[in-house]
Amino acid sequence: MSLETIEFSSLRMFRRWFSFLGGGLAWTFHLLTIYAIGEFGCVSGFDHHVYAGVSAVAWLLIIVGVVSLVPALAATCIGYVDARRDAREEKRSPYTEGSRYLSSFGWPLNGVFSLIIIVESLPVFAYLGGCGVHG
């Protein structure tokens with residue numbers, strides 16, 4: 001077994017694990033980060049800073065939404081491509097069944113996580129003008 005074969009095999013395994021766990025990790029990051037920004041951004045008065053008519057809290061929430069949605073969508077696409085490739089392969093062996101599981105269940109799972117990230121990002125519109133009425 002050559003070094004090139006080992007590198008390709010480990011890259012393929014990394015792709016499979018990323019396509020299985022990437023969306024879940026991105027969603028976890030998104031959930032924890034938007035909670036912290038929403039809570040502490042308003043308490044700290046960070047919402048008083050307005051850029052282009054949008055509060056700084058809303059800008060941070062938008063950025064976090066995009067940063068977390070990109071890897072979730074990438075994991076979905078990579079998992080889909082790997083699942084299609086696995087379906088075309090004729091050779092089946094007990095050693096590849098775990099890899100097939102990662103790719104065949106990873107892409108729909110990441111699709112759900114991508115949808116959850118999008119839906120969780122909708123309340124950002126409530127923060128566009130700031131966190132609430134200021135006295």
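Assorted remarks:
- What the stretch 1-86 shows is 60 Å² of accessible area per residue, with the surface traced by a 1.4 Å probe over protein heavy atoms.
- Carbon + sulfur, % of accessible area of the stretch 9-70 - ligands and nucleic acids excluded, 1.4 Å: 79
- The residues Arg84, Arg12, Arg100, sorted by heavy-atom accessible surface at 1.4 Å with ligands and nucleic acids left out, run Arg84, Arg12, Arg100 from largest to smallest.
- Each distinct pair of alpha carbons in the stretch 44-84 adds a 1/r term; the inverse of their mean, the Kirkwood radius, is 12.1 Å.
- Phe40, Phe18, ranked by accessible area, largest first (probe 1.4 Å): Phe40, Phe18
The values are calculated or read from the model by the stated rules, or taken from the named source; none is laboratory data. Just so it is clear, the model here is predicted, and its values are computed rather than measured. Protein only, heavy atoms only, side chains kept; ligands, DNA and RNA dropped before computing areas. Shrake-Rupley method; radii C 1.70, N 1.55, O 1.52, S 1.80 Å.
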